[in-house]
Amino acid sequence: LSRPVAFAQIWKSWFSSHFLLGNKNIILMGPPGAGKTTTGRIVGQKLDCPVIDIDDDVLETTWNMSVSEKLKDVGYEEFIEEEGKALLKFSASGSVISLSGSNPMHAAGMQHMKKNGIVVYLDVPTTVIMSRLKSMEVDRIVGLSPGNSLRDILQFRKQFYKRWYDIRVFCGEDVVAEVVAEKVLDAVKRYQDSELETFISTRSGRSGRSMEEDSHKYFSDVVVQGLAPDGGLFVPERGLPKFTAGEWQGLIEATYVERAEVILERCIHPADIPASKLAEIIATAYGENFSCSKIAPVRHLAGNQFLLELFHGPTASFKDFALQLVPHLFAYCIPRSCNYLILVATSGDTGSAVLDGFSRLHDTDKQRIAVMNFFPEDGVSPIQKSQMIGCQKENAWSMGVKSDFDFCQTAIKQIFTNSNFTGFLTVEYGTALAAANSINWARLLPQTVYHASAYLDLVHQGIIPFGSPVDICIPTGNFGNILAAFYAKMMGIPIRKLICASNDNNVLTDFIRTGVYDLRGRKLISTFSPAVDILKSSNLERYLHVIANEDGQLVTQLFNQLENQGHFQLHKELLEKLQQDLVAGWCSEEDCLAAIHSVYSTTGYILDTHTAVAKVVADRLQDRTCPIIISSTAHYSKFAPAILRALRIAEINQNPLSQLHLLSSYSALPPIHWGLLETLKKTGNGDHQVCAADMSVLMHHIETLIQNHFM
C-alpha cells in the first residue's frame, strides 16, 4: 500500500473506534454459548482495539487454573464471589470485553464494569443455546446441579442479564458470529446517536421542517405532547424498524412479555427510556393484572378462523394492552417540574382502560398526573358506563357529555390546539395537558406487539410454517387497531390482507371501496358495537401518510378538506395502493346478533358484539386460502343486554350486575370477566358528572378539576 492510502486506513480505523468507544468499553454479556468471545474478537478487529475475554484473560490468569477447575474446587456460591472479586480489581478502557456467563450474577462487580462501559446483551433463544452447548459437549455451567435442568439455569439467569444491559442484540435463529458482530456495532451506533430517531407530523413536509422551528421531536416528546402543533399526528421520521425472518423466528418460543421487550426496545430509543427500565415497565404492565398468563392467547374458532383474545386485561378490552403500559411511559418521560392532566375521549372501552391504567401509578406520580375522561353520556353500554364510573380514583375522573364520540374527540383536539387556553393553564396552575387517545403514538405502538405475537403463536402451534401469510380482520372505527396490524406487517410479519369490519357507521368501508371519505349527510348511529360508532377516523391520517410517501402537504390538504367541506377523495393511484393492503365490509345489527347466536350454538363460545361484526365480515370476505385472525377486542360481558338478546333471553333485568350473573349461568367460553364483575360489585351505580356539548363548558370543567387536584 502507498503511504497516503495506508495512513488513510489507519485514520479511518482510529476514527471509527474512537467515535464508537472513546474511553468506554463495549461489554458483551449473555449466557454461555451466546458467542461472546468470538463476537468480541470480530468487533475488536473491526474497531482495531484491544479485546479482553474475562474467562481467559482475567479469571484464569488470576486463579492460575481453568474456570472449570475453579468451579469444581470451590462450588457455586464461592465461585460467584471469587469472580466478582476479580472483576472489582479489573480496569480497562477503549476495549471490547467479553464477560463470563455468570459475571452478571455479582452485583458489585457489574456496577464496577458499567461505570466505564456500554453493556451489550447478546440475547440468543434458549433452544439455540442448549443446542450449542450440547454440540460443544459442555456438561458443567455455574449453578447446574442434579436438581436443576440446564433450561432452568438459563431461564434463572435472564433476570440478571436484564438488570444490567444498556443494549439488547437479539440474535434470532442460529446466526453466524460475523452477523452478530455487525448487529453489535449497529446497536452501539444507535445507542450513541439519538438524533437518528426523531418524529415528524403527518402534516409536515418530507424534511419535517414545517412543524415549527424546533422540529426535532423524540419519543419522550411525543408521549407527552400527543398531538403535533400543526394539528397532525406524530410518526417516526425514518419509519419503523424492520426485523429479519430469523429474528422473528427467534421469538416463536418467547413469552408475550419477551416479545414485547424485543419489539418495543427497537422502537423506543434508550436515550428516551433505557432498555432495562423499559423491560421493567413492560413486566409491570403485563403482569398479574392480566387474567391469562399468555396475555393475548390465540384460540381456534372454526375452519381457518382464529380468535386473538384481547380482553384478558383488567378492564376487559384491547385498550388495556396500551393503557397498562402508557401511564408508566408517560410518568417516566414527563419533566418533574410540571403537573399533567390527561384528556381522553372514548366511545366505550378507552375510558375505563385509561382510568385504571393511570390509577395504578405510584402515589408520587398520581400527585402530579391526573386523568379526565369524556364519553358520550348516551352512547356507551350500561356496563361500560358503570365500569367508567367504577374506575374513578383519586387522580382519575369521568364526565358524560350530551353528544356523540365524534364531538368528544373533536373537542379534545381543539382544546389541545387552543394555545391561549393551554398557555393559561401552564402559567396560572403549572399544569400542562396531554392526550391518551390513540392519537398519541405511545398508545398505538404497543398494539403492534399483539398482532405480531398472534402470528408467532400460530407458527408455534404448528398451524403454519413461518413465512406463510395470514389475513387479519379487525372491527374498527378510529383505525388505530388495524393501523397497528399494518405496522406489524411493515416490520416483517407476513400479513396478506387487513380486513376492516364496520357496523352501520360504515364510512370506512365506503372509503376503502371507493376512495371517497364523505361525512356529508351522515348521522352517527348508535349500535350494539359502540366502540366503532365513529365517523371521523383519526388514525387513518397516519396510514395515508405512509402510502402517500410521507407527503405532508397532501395529507394536510385532504384533512383540511374533510374538516371544512366534510369530504375528500383519493386519486386513483393512491386508492390502488390502499386496496393492496385493505379490504372492507360492514355488518348490520341483525347479522351481528345472529352471528353471536350461531357461534354459541355451534361452539359454546360467546363473541362480544364487536368481534361478531368482524366474524360476519370475515365470513363474507375471506377466500379460505390462508388462516384468518379475528381480533376479539372486548369481553362479551361488557355488552350483556345485546348478548342476552342474541341468546334469545326474553326478559332482561336492567341491573348490570344481574345481567352478568345471568350470563355466568351459561357456563360459556370464555368465563365472565373477573375484573369487570369485581368493579360492578364494588361500585353499583356510582356518581359522575354530566355536561353539555359546549366547548366553553368542557374548558370550565377542566380548569375546575385542575384547581381541585393540583392546587
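Observations
- Filter pass, N373 being over 21 Å from the mean Cα position of the chain (by Cα), closer than 14 Å to A436 by Cα and not hydrophobic (A, V, I, L, M, F, W, C): yes
- Where D510 falls short, out of the listed (1) outside any helix (DSSP H, G or I); (2) over 21 Å from the mean Cα position of the chain (by Cα): (1)
- Taken over region 483-513, the criterion of being free of Cβ contacts under 8 Å to residues at least 60 places away in the same chain and among the β-branched types (V, I, T) is satisfied by I495, V507.
- Scanning region 528-567 for residues that are of a type in the set (A, V, I, L, M, F, W, C), at pLDDT below 95 and within 22 Å of the chain's Cα centre (by Cα) yields A531, V532.
- Count of residues meeting criterion [in contact with a Gly (Cβ under 8 Å, 6 or more places away or on another chain) and either modelled with pLDDT of 95 or more or open to solvent by less than 10 Å² (accessible area, probe 1.4 Å) (or both)] in region 67-84: 2
- Scanning region 224-267 for residues that are in a helix (DSSP H, G or I) and either in the same structural domain as V546 (by the TED database) or farther than 30 Å from D457 by Cα (or both) turns up V224, Q225.
- Residue satisfying all of: in region 422-431; touching a residue at least 12 places away in the same chain (Cβ under 8 Å) and open to solvent by 20 Å² or more (accessible area, probe 1.4 Å); nearest to L540 (Cα to Cα) among these: T426
- Wholly within region 592-679, helices (runs of 4 or more DSSP H) carrying at least 2 residues that are under 27 Å from I495 (Cβ atoms): 609-621
- V51 being at pLDDT 95 or above and either open to solvent by 10 Å² or more (accessible area, probe 1.4 Å) or not charged (D, E, K, R) (or both): yes
- The sole residue among S131, S93 that is open to solvent by 20 Å² or more (accessible area, probe 1.4 Å), in contact (Cβ under 8 Å) with a residue 12 or more places away in the chain, within 14 Å of L154 (Cα to Cα) and in contact with a Gly (Cβ under 9 Å, 6 or more places away or on another chain) is S131.
Residues checked against (1) of a type in the set (F, W, Y); (2) surrounded by fewer than 22 Cβ atoms within 10 Å (Cβ to Cβ); (3) at pLDDT 95 or above:
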position	(1), (2), (3)
K615	no, no, yes
A618	no, no, yes
F639	yes, no, no
L644	no, yes, no
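- All told, R299 falls short of being among the charged types (D, E, K, R), under 29 Å from H709 (Cβ atoms) and either open to solvent by 10 Å² or more (accessible area, probe 1.4 Å) or not in a loop (DSSP other than H, G, I, E, B) (or both).
Condition check ((1) surrounded by fewer than 20 Cβ atoms within 10 Å (Cβ to Cβ); (2) touching a strand residue (DSSP E or B) at 6+ places or on another chain (Cβ under 6 Å)) across all residues:
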site	(1), (2)
L508	no, yes
P530	no, no
F559	no, no
Q565	yes, no
S588	yes, no
Y605	yes, yes
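- Selection status of N103, crowded, with 20+ Cβ neighbours inside 10 Å, polar (S, T, N, Q), in contact (Cβ under 8 Å) with a residue 60 or more places away in the chain and farther than 18 Å from R259 by Cα: yes
- Residue, surrounded by the most Cβ atoms within 10 Å (Cβ to Cβ), within region 382-421, restricted to residues that are assigned to a helix (DSSP H, G or I) and among the hydroxyl-bearing types (S, T, Y): S386
- Selection status of G379, open to solvent by 20 Å² or more (accessible area, probe 1.4 Å) and not in a helix (DSSP H, G or I): yes
- Considering region 465-480, the residues that are in contact with a Pro (Cβ under 7 Å, 6 or more places away or on another chain) and open to solvent by 20 Å² or more (accessible area, probe 1.4 Å) include one that is farthest from T611 (Cα to Cα), namely G467.
- Criterion: in the same structural domain as S637 (by the TED database), β-branched (V, I, T) and out of contact with any Leu (no Cβ under 8 Å at 6 or more places or on another chain) - qualifying residue of V427, V470, V459: V459
- Flag if N373 is touching a Ser or Thr at 6+ places or on another chain (Cβ under 6 Å) and surrounded by fewer than 22 Cβ atoms within 10 Å (Cβ to Cβ): no
The values are calculated or read from the model by the stated rules, or taken from the named source; none is laboratory data. Computed from a predicted model, the values in this text were never measured in an experiment. Here the Cβ is made from the backbone with ideal geometry for all residues, glycine too, and neighbour counts use every protein chain on show. Accessible surface is based on the protein model in full, side chains and every heavy atom, while ligands, DNA and RNA are left aside. Shrake-Rupley method; radii C 1.70, N 1.55, O 1.52, S 1.80 Å.
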